[in-house]
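Worksheet: one structure, shown below.
The values are calculated or read from the model by the stated rules, or taken from the named source; none is laboratory data. Everything numeric in this text was worked out from a predicted model, so none of it was measured. Because the Cβ atoms are built from the backbone with ideal geometry, glycine has one as well, and the counts that use them run over all protein chains shown. Ligands, DNA and RNA are excluded from the accessible area calculation, which covers all protein heavy atoms including side chains. Shrake-Rupley method; radii C 1.70, N 1.55, O 1.52, S 1.80 Å.
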Amino acid sequence: MATTNLEVTDAAETSSTEDLQVSDAAADSTFAEVDDRERIKPAIEFRDVHLAFDDRKVLDGLSFKVQRGETKIILGGSGCGKSTTIKLVLGLLKPDAGQILVNGDDITNYTEAEMMKVRKSFGMIFQEGALFDSLSVYDNVAYRLHEQGVPEEEVEQEVRRMLHFVDLEDAIDKMPIELSGGMRRRVGIARALVGGPEVVMFDEPTAGLDPPTARTICELAIKLRDLEDVSSIFVTHEMNNVSYLTSEYAAVNEAGEVIFEKEGERLCLTNTKVLMMREGRAIFSGTDEQLQKNDDPYIKRFLHGR
Amino acid sequence: MNIAIRSLLEVQETTLLVAQAARRLFRRPAYIPEAITQMDVIGVGSLPIILLTGFFTGGVLTLQTFPTLKYYGAQDQTGYLVALSLVRELGPVLTALMVTGRVGSAISAELGSMVVSQQIDAMRALGTDPVRKLVAPRILALLVTLPLLTVAADVIGIFGGGVVATTLYGMSSGTFLSSVRYGITFDDIIGGIIKPLIFGIIIGSIACNKGLQTEGGTVGVGRSTTSAVVTASIVVIVVDFFLAKALQVILDMPAS
């Protein structure tokens with residue numbers, strides 16, 4: 001049942017892409033209205049990706065797409081290949097077989113130097129933050145700009161803007177060792193967002209955090225999706241993360257404050273899909289409603305704990 | 001995988017790392033401030049232990065050789081023997097071993113910790129090449145500072161030998177210094193500086209490679225640090241033998 005869902009979704013995506021390729025002339029007018037032809041290309045696409053470490057298969061024919069502006073939640077138990085998937089997108093690992101496309105370009109066989117350019121359009125948030133211990137919060141967030149030789153006044157402006165986004169302006173001069181787990185993740189998010197990445201990847205960003213802090217991290221992901229139009233991959237195994245990301249949306253009220261509202265019964269404003277993985281394969285792809293109704297025993301056990 | 005293949009693979013990986021670091025050294029952005037910081041940490045930071053080791057090594061050489069030389073009536077040659085031993089062999093090798101213990105372990109542990117805490121992955125994800133940012137400045141710093149540290153060890157070692165010869169054996173400082181001056185040739189000094197250049201590359205590349213290959217959390221960091229120090233020490237001693245023979249041929253030193 002779950003596999004059927006996946007096939008149906010993929011088939012629908014493929015056919016829509018083919019239609020566009022066939023009728024380019026007819027599509028021009030449509031794209032002029034949409035105002036952005038590039039948005040039709042998936043931000044990230046995996047085509048039958050395989051990867052093994054020695055004799056252990058980590059990914060076994062994984063295929064999926066992340067559309068522009070979409071948040072894809074990759075759900076699954078420990079060791080099912082979730083984190084490996086985002087490392088492959090960044091080129092930190094290379095697949096044994098299959099193709100990985102970023103903005104329609106096949107990056108599978110890119111060299112490290114070519115990948116460095118691709119990585120500029122990505123932001124990555126690691127499990128424990130992965131902040132540079134020897135650098136202050138300011139220097140961590142400013143890292144990418146310092147590497148690019150941006151003037152210090154501009155760097156400071158951007159760092160303060162990003163720390164304001166994650167609500168951590170007071171920690172600007174602290175060292176990573178002085179921060180709590182949640183603060184480290186938020187600094188990691190600020191660092192990843194510098195330079196305006198098109199795609200942000202979260203690798204279990206709420207693991208080991210208390211519920212309010214985990215909620216804050218999810219709110220940041222929602223803000224990125226709804227207010228900054230950023231595509232993202234959100235790797236997690238926690239169901240409350242899925243619930244926040246699929247049922248709430250961010251908006252700006254009349255006072256200019258960001259507010260989070262629950263989508264109603266008939267209103268669907270969240271651009272979030274779920275991909276469920278098991279033993280290196282996608283066993284489900286679709287919306288959270290479809291996931292809840294799925295009959296697969298493994299998925300049921302994962303969702304309800306029994 | 002047997003030990004021979006594993007060793008060959010390690011040699012290959014270490015050599016590739018050195019080649020990559022050498023190529024990236026001349027590309028922009030050049031990490032000059034990082035290299036200078038490393039020179040301070042490696043060179044200035046190691047100076048006290050190098051001076052201490054050099055002084056007592058020179059002293060003990062005099063202590064052990066003076067009675068034997070006196071037996072043959074050649075006690076005037078003490079300075080010559082101490083200086084030659086230090087400049088040709090003990091200075092470069094002892095300095096390299098001390099730096100391996102102090103700096104090689106630190107490099108391996110630092111890079112290993114960065115690997116297990118995903119800082120290396122984060123660096124790559126942020127578009128920085130870790131070989132250019134971390135490996136090249138460290139190898140360059142070792143390449144510059146190890147010969148300087150070796151010269152410092154040689155000089156303080158000869159001084160230590162002189163102190164022991166004059167205070168314990170009543171030798172005049174003039175006799176000791178003149179035997180030093182007549183004993184050492186320009187080729188000895190050149191040979192004594194070429195060796196630390198090679199040792200610097202060996203220590204830097206092995207420590208960086210072991211650090212970057214760290215697997216298995218904090219236990220892995222300990223393992224890679226131990227492995228870096230043991231491997232680099234052994235390689236330094238083995239390479240020293242072949243280098244000594246090669247220098248004898250190249251610099252036309254007396255081999256017999």
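When the surface is traced with a 1.4 Å probe over the full set of protein chains, A:Arg225 keeps roughly 10 Å² accessible.
Helix-only mean residue ellipticity at 222 nm, chain B, DSSP H runs n ≥ 4 weighted -39,500 (n - 2.57), per residue, nearest 500. What is it? Display every interim value, and only then the final one.
Details: 11 runs with 197 residues, N = 256.
-26000 deg cm²/dmol, from helical runs alone.
The relative contact order of region A:198-265, computed from alpha carbon pairs under 8 Å that lie at least 6 residues apart in sequence, is 33 percent.
Extension gain for A:Glu156 to A:Asn240 (0.36 nm times residue separation, less C-alpha to C-alpha distance): 26.7 nm. Summed over the residues of chain B and divided among them, the accessible surface reaches 48 Å² per residue at a probe radius of 1.4 Å.
Other residues within the sphere of radius under 11 Å centred on the Cβ of A:Thr287, judged by their own Cβ, net out at 0 (K and R +1, D and E -1). Here region B:65-107 was treated as a single set of alpha-carbon atoms; its pair distances binned every 10 Å from 0 give 28, 30, 23, 14, 5 percent. Projecting the Cα atoms of B:Ser179, B:Ile158, B:Leu143 onto the charge dipole of region B:126-204, computed from C-beta unit charges around the Cα centre, puts B:Leu143 farthest toward the positive end.
Between B:Val60 and A:Asp106, the FRET efficiency from the beta-carbon distance, with R0 = 60 Å, is close to 0.35.
Against the criterion of solvent-accessible heavy-atom surface with a 1.4 angstrom probe, A:Glu257, A:Glu238, B:Glu215 sort, most first, into B:Glu215, A:Glu257, A:Glu238. Evaluating kT/(6 pi eta Rh) at 20 °C and 1.002 mPa s, with the Kirkwood radius of the protein assembly as shown over Cα pairs in the Stokes-Einstein relation, gives 78 µm² s⁻¹. Take the Cα of B:Thr166, step 7 Å toward its Cβ, do the same at B:Thr218, and the gap between the two points is 5.2 nm. Between B:Arg181 and A:Ser121, the distance separating the two model label sites (each 7 Å from Cα on the Cα→Cβ line) works out to 7.2 nm. Working value for region A:131-288: equivalent-ellipsoid semi-axes of 29, 19, 15 Å, each the square root of 5 times a Cα gyration tensor eigenvalue, largest first. Assuming charge only on the beta carbon of Lys and Arg (+1) and of Asp and Glu (-1), the dipole of the protein assembly as shown about its Cα centre is about 2340 debye to the nearest 20. Under the simplified labelling scheme, the A:Met175-B:Leu9 pair shows an inter-label distance of 3.7 nm, with each label point 7 Å from Cα along Cα→Cβ.
Given R₀ = 30 Å, FRET efficiency for A:His146-A:Glu263 by Cβ-Cβ distance, to 0.05? FRET efficiency, A:His146 to A:Glu263: 0.15. B:Phe159 contributes an accessible area of around 120 Å² to the protein surface, as traced by a 1.4 Å probe with all chains present. Span-like helix check, chain B: qualifying full DSSP H segments, with Cα axial length of 24 Å or more and mean Kyte-Doolittle of -0.5 or more, are B:3-24, B:45-71, B:136-168, B:186-212, B:217-250.
Extents of region B:1-81, largest first, come to 60, 41, 19 Å (Cα atoms, principal axes, whole angstrom).
Put A:Asp173, A:Asp106, B:Asp154 in order of accessible area, highest first, and with a 1.4 Å probe you get A:Asp173, A:Asp106, B:Asp154. Summarised in one figure, the compactness ratio Rg/Rh of chain B, Cα atoms and Kirkwood Rh, is 1.06.
Counting alpha carbon pairs within less than 8 Å and at least 6 residues apart, what relative contact order, in whole percent, applies to chain B? Kindly include the intermediate steps, with their values, before the conclusion.
Working: 344 pairs, mean separation 82.9, N = 256.
Result for chain B is 32 percent.
Residues of region B:94-140 whose accessible area (probe 1.4 Å, heavy atoms of protein chains only) drops by at least 30 Å² once all protein chains are present, relative to their chain alone: B:Gln118, B:Gln119, B:Asp121, B:Ala122, B:Arg124, B:Ala125, B:Leu126, B:Gly127, B:Thr128. Between the listed residues A:Asn271, A:Pro205, A:Ala282, the Cα displaced farthest toward the positive end of the dipole of region A:177-294, a dipole computed from Cβ unit charges relative to the Cα centre, is found at A:Ala282. Computed from point charges on the beta carbon alone (+1 for Lys and Arg, -1 for Asp and Glu), the dipole magnitude for region B:153-225 about its Cα centre is near 140 Debye.
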